[in-house]
Structure formats: structure tokens, C-alpha cells
Amino acid sequence: MATLTLRNVPEETRRALKRRAAQHNRSMEAEARAILDAAVVPRNFIEDWLDTAEELRGDELELPERSVPRELDLS
């Protein structure tokens with residue numbers, strides 16, 4: 001793998017990267033790699049959809065109790 005050095009990054013950008021990395025539980029370096037990867041590596045629709053679905057998944061979702069289905073007379 002190659003090494004990339006970024007110079008003259010504005011302080012505001014560095015702080016924003018640090019916040020974003022913390023939100024994703026990553027280091028700033030890992031977050032920068034993820035951002036670059038997303039920006040330049042071709043992706044397909046299915047991968048994008050799966051990534052979005054994973055981000056939206058929530059463990060706090062509470063499903064309502066199911067009711068007994070009503071009887072249906074088909075005569």
C-alpha cells in the first residue's frame with residue numbers, strides 16, 4: 001500500500017474530520033481513507049444500497065405486538 005501525506009489542511013477541516021471519525025468509531029486516518037475510497041473507487045448500486053441499509057439499521061426499533069388475524073369467510 002502507498003503512503004499519502006496531506007499538507008496545509010485547514011484547521012476547520014481537521015476538526016470536522018476528527019468529529020466525523022468519532023461518529024464512525026474510526027481514527028482520523030481510517031476516516032480519511034474511507035472518504036477517499038468512497039470518492040474515487042467505482043461502486044455499484046447493490047453495494048451502495050447495502051451500505052445505506054446498514055447505516056439505517058437500528059437496534060432500538062420496537063415492533064408492535066401482532067394481533068390475531070380475523071376470520072375470513074370465503075363461502
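Derivation of every value follows stated rules applied to the coordinates shown; laboratory data play no part. Just so you know, these numbers come straight off a predicted model, no measurement behind them. Cβ coordinates were reconstructed from backbone atoms using ideal geometry, including for glycine residues, and neighbour counts include every protein chain displayed.
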How about the stretch 1-42: which of its residues are exposed (fewer than 10 other Cβ atoms within 10 Å of the Cβ) and of a type in the set (Gly, Ala, Ser)?
-> Ala2, Ala39
Which ones in the stretch 18-63 are hydrophobic (A, V, I, L, M, F, W, C), in a helix (DSSP H, G or I) and under 23 Å from Ala2 (Cα atoms)?
-> Ala21, Met28, Ala30, Ala32, Ala34, Ile35, Leu36, Ala38, Ala39, Val40
Scanning the stretch 48-75 residue by residue, the ones that are within 14 Å of the chain's Cα centre (by Cα), acidic (Asp, Glu) and surrounded by fewer than 10 Cβ atoms within 10 Å (Cβ to Cβ) total 2
